[in-house]
Amino acid sequence: MYRESVKMANDNAIFQLITNNDGTYLQLIPAKGLGKTFLFNELDEYLTKRRIDYDKVVVNDALLRLTETKIVKLNNAVRMPEGEGIKVTISDDRMEAVARFYPPSPNGSVMNFTEIINDLVKAGVKYGVVEENVKSFLNERIYLEDIVLARGTEPVQGKNAVITYYFNTDLTRKPKENEDGTVDFHQLDTISRVSKGALLANLVPAIQGRPGISVVGAAIQPDRVEHKILRTGTKTKLSEDGCSLYSLADGHALLSGDKVNVSDSFEIKGDVDASTGDIEYDGNVSIKGSVRTGYKVIANGDIIVDGVVEGALLQAGGQIILKRGIQGMNKGALIAASNIVSKFIENAEVRAGGYITSEALLHSRVSARGDVIVGGKKGFITGGEIRSGTMIHAKTAGSTMGTNTLLEVGVDPTIIEEYRRIEKELPNMNKELEQLTQNLLLYLKKFKGGENLPLDKKLLIKSMSVNKDALEKKKAESIARMEELQSFMDDNESGCIKISDTIYPGCKVAISNVVYYVRNETVHCSLVRDRADIKVGPY
C-alpha cells in the first residue's frame with residue numbers, strides 16, 4: 001500500500017500521513033517500551049496547519065484505542081507526499097528553542113542541516129544553535145520528542161562590594177545587670193578602643209557581572225552590583241589600593257555614616273563648672289566629677305560622667321553614660337546620637353538615637369529610637385512623657401497618686417518630631433503665600449491697567465512670582481510628606497510596653513496613634529496594638 005522512505009528509529013508513538021491515489025490516510029503507531037505518547041491536540045494542530053479535513057471523532061477514538069499500528073482514512077483528497085516537518089517553540093524566558101520533528105509521508109522529502117537552521121531563524125532564533133543536537137537528529141530521526149536546538153547563555157552574576165570592620169560597630173550592647181538588680185556601670189564594654197596603626201576596615205571591591213544572551217539575540221544584563229568605597233575620617237589613613245583603612249592614633253573608633261573616625265579622649269579630673277567653662281571636644285569626654293547647672297558638654301564621641309549632671313546640656317555624637325544620673329531641674333538635657341545610660345533621670349529632657357536604660361525616670365521627657373528599659377532595684381517611671389520606637393520595659397509605671405504619665409511606642413520619635421515641625425510650619429507658609437498672592441495681584445492689576453511700572457517693580461514682580469511658585473511647591477511637598485508620615489504612624493502596629501510589676505491609673509498608653517487610658521491597677525502585663533485597639537495581655 002505504501003513504502004517507508006524513512007526509518008522510524010525511536011520507540012515513541014508516531015503519526016504519519018500517507019498519500020494514495022484514493023485519498024489521504026493517517027498511520028498511527030503506538031509507543032514501544034518506554035517510548036513517549038502524544039496528545040490528540042498535537043495531531044489536530046499538525047493536520048489543521050496543513051489544511052487537511054478529517055473526522056475528529058473517528059481519529060480521536062482510534063488514538064484512544066491505539067494498541068497496535070492503525071491506518072485511518074482522513075478524506076478522499078489526493079495530495080502530494082508530505083515532507084518532514086518541524087515545530088519550533090521558544091521558551092518564555094527566551095533561553096531555549098525546542099523543536100519537535102514530524103515524520104514525512106512515504107516518498108516525502110526529509111530535512112537537511114541547512115533547512116533546519118533556516119526554520120530556526122524563521123522562528124526567531126539568532127543565537128546559540130546546538131549543532132550537535134541538530135546532527136544527532138539527522139542521524140537518528142527521532143520524531144515527536146522535544147529536542148533542544150538552541151540554548152542561550154546565562155549572565156554571570158557579579159558580587160557586591162563588602163566592607164569588613166575590625167572594631168565594634170554594634171552600639172546596641174546594653175550594660176550588664178548585677179545579681180542584686182543594679183546596673184554595672186563599670187564594665188559597659190561599649191567603647192571600641194584602637195591602637196595607632198591598627199587595621200580598622202577592609203574592602204573587597206565589587207566584581208562586575210557579564211551579560212548573557214538569549215536565543216533571540218537579546219542581551220540579558222546581570223543584576224547590578226553594589227559598589228562601595230572606604231572613606232577616611234578623623235585620624236585614619238587609606239592604603240594605596242583603597243582597600244585597607246588604618247588608625248593614625250590611639251583612641252576610639254566610631255562609624256559615622258560611611259566614615260570611620262578615630263578620636264582621642266579628653267579627661268576632666270574635676271567638675272565642669274566655672275573653672276572649666278563649657279566643653280566642646282572632637283572626641284570622647286570623660287568627666288570624673290559632676291556637671292553643674294548652666295554648663296554645656298558637647299562631644300563628637302562619647303560622654304562619660306562619674307558624678308551627677310545638674311541642669312546642664314550634654315550632647316554627644318556617640319553615647320552618654322552617667323554613672324550617678326541627672327537631676328535636671330527642668331533645665332537639663334541629654335542628647336545622644338547613640339545610647340544613653342543613666343542611673344536615674346529626673347526633671348530632664350532626654351533624646352537618644354539608640355536605646356535608653358536607667359533605674360528610674362521621674363517627670364522627664366524621654367524619647368529613644370530604640371528600647372527604653374527601666375530596671376534595676378527601682379525600675380519605676382513616674383510622670384512625664386516616655387517615647388520609644390520599639391519597646392518600653394519597666395517594673396512600675398505611674399503611681400498610686402494617679403500621676404499623669406504618657407507611655408508611647410511603635411513610632412520612631414524622630415518621625416513624630418518631623419510631623420509636628422511640618423504641622424507648625426504650614427500656617428506660616430499659608431500666611432506667606434497669601435501675602436505674596438495679594439502683592440502680585442496688586443502689581444498685575446496696575447500693569448494690566450496700563451500703568452507704566454519702573455524696572456525695579458517689574459523685577460520685583462518676577463521675584464515674587466518665582467518665590468510664590470517655590471513656596472507652593474514646598475507646601476505641596478510638605479503636605480505630601482505629612483500624609484506619608486501620618487500613614488506610617490497609622491499603619492505601624494509594632495511596639496510594645498512591658499510592665500513586670502504594676503501600671504497605675506493616670507497612665508496614658510499610645511501605640512502607633514492608638515490610645516488607651518489605664519483605669520485600674522494592672523500587674524504583670526504587656527500592652528500591644530491589636531488593629532484599632534490596645535490589648536492588655538500577660539507579661
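What to note about this one:
- Gain on full stretching of the segment that runs from Lys445 to Glu42 - 0.36 nm per residue minus C-alpha separation: 137.1 nm
- Ranked for footprinting exposure by Cβ neighbours inside 10 Å, fewest first, Arg420, Arg100, Arg79 give Arg420, Arg79, Arg100.
- Residues of type lysines that Lys196 reaches as a straight line, Cα spacing below 21 Å, ignoring anything fewer than 8 places off in the same chain: Lys235, Lys237, Lys259
- Couplings 3J(HN,Hα) for the range 99-109, derived from phi with the Karplus relation 6.51 cos²θ - 1.76 cosθ + 1.60 (θ = phi - 60°), are 10, 10, 9, 10, x, x, 5, x, 6, x, 6 Hz, where x marks Gly and Pro.
- Multiplying the residue separation of Ala476 and Asp92 by 0.36 nm and removing their Cα-Cα distance gives an extension gain of 133.8 nm.
- The C-alpha atoms of the chain define a longest principal axis, and helix 131-140 lies at about 30 degrees to it.
- Global form of the range 440-539, assessed from the alpha-carbon gyration tensor, a/c cut-off 1.5: prolate
- What you get for the range 332-392, charging only the Cβ of Lys and Arg (+1) and of Asp and Glu (-1), is a dipole of about 60 debye around the Cα centre.
- Sequence-distant lysines (8 or more away, or on other chains) whose Cα lies within less than 28 Å of Lys126: Lys49, Lys87, Lys135
- Shape of the range 14-151, Cα gyration tensor, a/c cut at 1.5: prolate
- Counting only residues at least eight positions apart within a chain, or on another chain, the lysines with an alpha carbon under 25 Å from that of Lys475 are Lys424, Lys431, Lys462.
- Test item: Cα-centred dipole of the chain, Lys/Arg +1 and Asp/Glu -1 on Cβ, debye: 1020 debye
- The chain: calculated mean residue ellipticity at 222 nm from DSSP helix runs of at least 4, using -39500 (n - 2.57): -7000 deg cm²/dmol
- Gain upon complete extension [Val148, Glu68; 0.36 nm per residue less C-alpha separation]: 25.8 nm
- Overall form of the chain per C-alpha gyration tensor (a/c, 1.5; a/b vs b/c): prolate
- Projection of the Cα convex hull of the range 415-491, averaged over all directions and equal to a quarter of that hull's surface, yields 5.6 nm².
- Centre-to-centre, using Cα atoms only, the range 273-313 and the range 237-258 are separated by 27 Å.
Read-outs: derived from the displayed coordinates by stated rules, not from any lab. As the structure is a computational prediction, the values presented were derived from the model and not from experiment. Backbone-built Cβ (ideal geometry, glycine too); neighbour counts: all protein chains shown.
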